[in-house]
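A.B. asks: Okay, here's the structure, questions in a sec.
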Amino acid sequence: MELAMWYLFGHVTLMMMPHRIPVSFCDDVSERPGSCQCVSKMAYQTLQQEYLQIPVVTRAYTTACVLTTAAVQLEIITPFQLYFNPDLILRNYQVWRLITNFLFFGPVGFNFLFNMIFLYRYCRMLEEGSFRGRTADFVFMFLFGGLLMTIFGMFVSLVFLGQAFTIMLVYIWSRRNPNVRMNFFGLLNFQAPFLPWVLMGFSLLLGNSIIVDLLGIAVGHVYYFLEDVFPNQPGGGRWLKTPSIIKMLFDTPEEDANYNPLPEDRPGGFAWGEGQRLGG
């Protein structure tokens, strides 16, 4: 799946770069415009502003993933302290492994970079799209998906579930945006619901295991079915209800339902990898 990420977004090299440069002035008179100190301060302020504009759940999860990888890279911790091991969790009470196995995506490199791009992009598009103003529901989706993936993970012997979790996010986004057209490295055009399967097929062609992709697709489909399909069926109902405690902690006042962000305000700037809608 990692190389599929590289090919699918091979043209997107500046997706996570800041797309608005705020006007900023140096506080110290001695820091003349154009000086190294002034430029550094402006760059820091721009980076800080862009970081704080990332939705809270996406910001927290991607930051945790980057910090975890950095800690491993600096040899502060090792992957052996992070991986999913039911025996160590149950017998030695190392409960942190239930979380840390979702935070490590391998050593720093191209695979890590594009895993982070996929995670950031689709997590943010979900949070700012179908979950806009529903932070509690988004957190509950994380908890439900993580729990289900942990249960399934015990039967497929996966020790790190972060990539499967990313595929779950991709799957849910793709099913909720069925009219978005995607482009696979300029060779293959398809609609968004086929994206997880294209990634899985490409992994298969490269000789990689598709267990990770299948697990992410399976968990994503369970959530999508219970949340979007079953409640609309005759005799159906909503089984997934966000607990009140989560709503109290994360929900914010509802925003304008007619809000439509400008292209430059969407995740990653202009829709380089998102495609375009039919009829658009």
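The values are calculated or read from the model by the stated rules, or taken from the named source; none is laboratory data. All values derive from a computational prediction rather than experimental measurement. No Cβ is skipped: glycine too gets one built from the backbone with ideal geometry, and neighbour counts run over all protein chains shown. The accessibility values were calculated without ligands, DNA or RNA, using every heavy atom of the protein model including side chains. Shrake-Rupley method; radii C 1.70, N 1.55, O 1.52, S 1.80 Å.
A.B. asks: Under a 5 Å amide H to amide H cut-off, with H placed in plane at 1.01 Å, what residues pair with M182 once short-range neighbours are removed?
C.D. replies: F190, Q191, A192
A.B. asks: Treat every Asp and Glu Cβ in segment 39-149 as -1 and every Lys and Arg Cβ as +1, leave all other atoms uncharged, and give the resulting dipole magnitude about the Cα centre to the nearest 20 debye.
C.D. replies: Details: 8 positive and 6 negative charges, 25 e Å.
In total the dipole reaches around 120 debye.
A.B. asks: Quick check: convex hull of the Cα atoms in segment 155-218, volume per residue, rounded to a whole Å³? Each step should come with its number before you reach the end.
C.D. replies: Values: hull volume 5.0 nm³, N = 64.
So the per-residue hull volume is 78 Å³.
A.B. asks: Starting from the Kirkwood Rh over alpha-carbon pairs, what translational D in µm² s⁻¹ does segment 106-154 have by Stokes-Einstein at 20 °C and 1.002 mPa s?
C.D. replies: On the way: Rh = 12.3 Å.
This corresponds to a translational diffusion coefficient of 174 µm²/s.
A.B. asks: Whole-Hz ³J(HN,Hα) for each residue in segment 124-139, computed from phi via Karplus 6.51 cos²θ - 1.76 cosθ + 1.60 with θ = phi - 60°, x for glycine and proline: what do you get?
C.D. replies: Each residue's phi maps through the Karplus curve to give 5, 5, 5, 5, 8, x, 5, 9, 4, x, 10, 4, 4, 5, 5, 4 Hz.
A.B. asks: Related question: Over segment 117-249, with every protein chain in place, what whole percent of the accessible area is carbon and sulfur at 1.4 Å, could you tell me? Before the final figure, lay out each step's value.
C.D. replies: Working: 3900 of 6000 Å².
Carbon and sulfur atoms account for 65 percent of the accessible area of segment 117-249.
A.B. asks: In terms of solvent-accessible area of protein heavy atoms at a 1.4 angstrom probe, what is the ranking of L90, L82, L147, highest value first? Present the calculation step by step, with values, prior to reporting the outcome.
C.D. replies: Details: L90 130, L82 10, L147 110 Å².
Putting L90, L82, L147 in descending order of accessible area: L90, L147, L82.
A.B. asks: Which trypsin sites (Lys or Arg not before Pro) in segment 160-238 pass both tests, a DSSP loop state and at most 14 other beta-carbon atoms within 10 Å?
C.D. replies: Values: sites: R175, R176, R181, R238; in loops: R238.
Passing both the DSSP loop test and the Cβ count: R238.
A.B. asks: While we're here: Using a 1.4 Å probe and counting only protein heavy atoms, arrange M154, M42, M125 so the residue with the most accessible area comes first.
C.D. replies: Working: M154 100, M42 65, M125 20 Å².
Final ranking, largest accessible area leading: M154, M42, M125.
A.B. asks: Take peptides 131-142, 113-124, 160-171, 70-81 and line them up by average Cβ neighbours within 10 Å, highest first, as a rough protection proxy.
C.D. replies: Numbers: 131-142: 19.8, 113-124: 21.5, 160-171: 25.0, 70-81: 12.0.
Output ranking for 131-142, 113-124, 160-171, 70-81: 160-171, 113-124, 131-142, 70-81.
A.B. asks: Taking N as the number of residues in segment 56-201, what is its Cα Rg relative to 2.2 N^0.38 Å?
C.D. replies: Numbers: Rg = 16.1 Å, N = 146, 2.2 N^0.38 = 14.6 Å.
In units of the 2.2 N^0.38 Å rule of thumb, it is 1.10.
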